[in-house]
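The values are calculated or read from the model by the stated rules, or taken from the named source; none is laboratory data. Keep in mind the model is a prediction, meaning the values are calculated, not measured. Note that each Cβ is placed from the backbone with ideal geometry, even for glycine, and that neighbours are counted across all protein chains shown.
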Amino acid sequence: MSKHKLPIVAIVGRANVGKSTLFNNVLRRRETIVAKEAGTTRDSIMAKASVYIDGGEDNESATSISRTDRTKSQEKIRQDFWLVDTAGVKDPEDDFELTIQDQVVQASDSADIIWVVIDATIMITEEDRRVAKTALKSKKPVVLVVNKMDKASKKGVDDFKRLGIKNIILISAAQNLGIDDLLEDLVEQVPRARLNEAPDKLKLAILGRPNVGKSHLFNSLAKKQQAIVADRAGTTRDINRATIKYQGREIELLDTAGIRKSGKIEVGIEKFSVLRSLSAIEQSDICLLVMDVNELNTGLDQKIAGMIKEAGKGLIIVISKWDSIDDEKTAYTRDQLAGQIRYSFDFVPWAPLVITSSVTGQNVTKIFELTLQIDERRNKSYKTSELNRWLRKTVSLHPPAGLKNRSPKLNYIIHEDDNPNPSFKVFGSHTKYLHWSYKRFMDRKFREDYDLDGTPIKFWFIEKADRHKHGVKPSDQ
């Protein structure tokens, strides 16, 4: 079960107050975690970022540290979070576009904390007041981020208190001032772990571009018409939910609005479809990436798969609308289709492929079967002794190569059993010099020896001298 949900931070405010500059500054300074595979580069409005904080059971005294200080304090642990920039939404032109107040309302639905950004160099505007008021109505933690303080003639906060937001942080995103204070505040306000409402409930999110058949699949899985099915792309704007039972297991289905490529996300309603989809990924245990058989392997499909992988969730690739193909559906056609998809999604070779037709109900039951199998694999426990036998065998078969004439040594491995997906800490020496190809080899070898289809796995490489700072006891070895 998913025990951890990454906080989602939404940056809101009127145009030209520096939202995008703040977004980019946080990402550059915090070594953003971005998938390196082709087609999985971050969307222009969101990215996964990290801040390093003090260890401990709670985060009341947590503080962030700069990259230069990180090496001086090895007892820091990492807090990941999603950062979402709402910049670039056009002014309303018709009934389907959102005003800036609607942006804040939509952000509140999915975000865990809201940063309201204003410009310190000009007087507070009526638009600033509306944004602040709407954000406060959300009952979510709200921070007033006063930007461009390096250019403001007055450095006090009295003028800004009139907006009604008590938590005020002064920054200059362009000059890297106050960013640490902002991130310290973030860590203090969001919990490091969250529990699902029902620990035994398995959450299955349906994701993909607009109009690829997600709602049809949702209805087929739920066996009732809860979602609006229409030919117009973008019908589903909220996360529709339905809970069913399969083989005695409760499964909650989450149907999301379609994600469009960046250049086509022109209205607020589409921008926040992306935010809701990201929220659905974080809420889920396993994701279905739905693609139309008539339009496969787009760059955006790859990007969505990268988001799911980066979030550490299970993944099933679902090809929809198989009934719409006029040609004979021979075994060769299926094999050829599978080969094309495997080539385009070689960065998630572990994701099973299912060809469906929501009209005929083809393979819909198979999705449930795969979901339960993947969930079982994700929650499997591994004995330390067994893992270390595997590590010795792997290293003996193929000793690790290093960089800069340094030879890494891998000594022992433990399973992070409190992690919601298969995650392992590997302790050794000179681990930072381990070549990326060896990490890929370990992933592949582990999958050969253990059945982990449908889920990403993660190896954390840690210097052996730091084992006591990672909660490793001698008995764990």
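Key figures
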quantity	calculated
Conditions (1) surrounded by fewer than 16 Cβ atoms within 10 Å (Cβ to Cβ); (2) without any contact (Cβ under 8 Å) to a residue 60 or more places away in the chain; (3) over 27 Å from G306 (Cα atoms); number of the one not met by G361	(2)
Residues of segment 315-331 that turn out to be modelled with pLDDT of 90 or more and within 14 Å of H216 (Cα to Cα), as a count	2
Residue count for segment 142-166, restricted to those that are within 22 Å of L177 (Cβ to Cβ) and either modelled with pLDDT of 85 or more or not assigned by TED's automatic domain parsing to the domain that holds S20 (or both)	14
Yes/no for V354 being surrounded by 13 or more Cβ atoms within 10 Å (Cβ to Cβ), in the same structural domain as D323 (by TED's automatic domain parsing) and part of a strand (DSSP E or B)	yes
Long-range neighbours under 9 Å by Cβ, at least six apart or interchain, first residue assigned by TED's automatic domain parsing to the domain that holds L217 and surrounded by fewer than 22 Cβ atoms within 10 Å (Cβ to Cβ) within segment 244-256, second small (G, A, S) and part of a strand (DSSP E or B)	E252/A242
Filter result (within 17 Å of S215 (Cβ to Cβ) and either assigned to a helix (DSSP H, G or I) or under 14 Å from the mean Cα position of the chain (by Cα) (or both)) within segment 301-321	I304
Qualifying residues in segment 439-450 (those that are of a type in the set (F, W, Y) and under 25 Å from the mean Cα position of the chain (by Cα)) - the one surrounded by the most Cβ atoms within 10 Å (Cβ to Cβ)	F446
Residue within segment 217-229 that is in contact with a helix residue (DSSP H, G or I) (Cβ under 9 Å, 6 or more places away or on another chain), at pLDDT 50 or above, buried (at least 23 other Cβ atoms within 10 Å of the Cβ) and in a helix (DSSP H, G or I) present	yes
Residue that is nearest to the chain's Cα centre (by Cα) [pool: residues in segment 126-152 that are charged (D, E, K, R) and outside any loop (DSSP other than H, G, I, E, B)]	K137
Qualifying residues in segment 341-395 (those that are among the polar types (S, T, N, Q) and farther than 30 Å from I413 by Cα) - the one modelled with the lowest pLDDT	S358
Every pair of residues 6+ apart whose Cβ atoms lie under 6 Å, when the first sits in segment 444-465 and is among the small types (G, A, S) while the second is assigned to a helix (DSSP H, G or I) and buried (at least 16 other Cβ atoms within 10 Å of the Cβ)	G454/I374
Pair list, Cβ < 9 Å and 6+ apart or interchain, from segment 128-140 residues that are at positive phi to residues that are at pLDDT below 90 and buried (at least 16 other Cβ atoms within 10 Å of the Cβ)	K139/S108
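The rows are residues; the columns are (1) within 21 Å of A351 (Cβ to Cβ); (2) more than 17 Å from the chain's Cα centre (by Cα); (3) modelled with pLDDT of 60 or more; (4) part of a loop (DSSP other than H, G, I, E, B).
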| site | (1), (2), (3), (4) |
| --- | --- |
| I251 | yes, yes, yes, no |
| I259 | yes, no, yes, yes |
| E266 | no, yes, no, yes |
| K271 | no, no, no, no |
| L278 | yes, no, yes, no |
| I281 | yes, no, yes, no |
| C287 | yes, no, yes, no |
| V290 | yes, yes, yes, no |
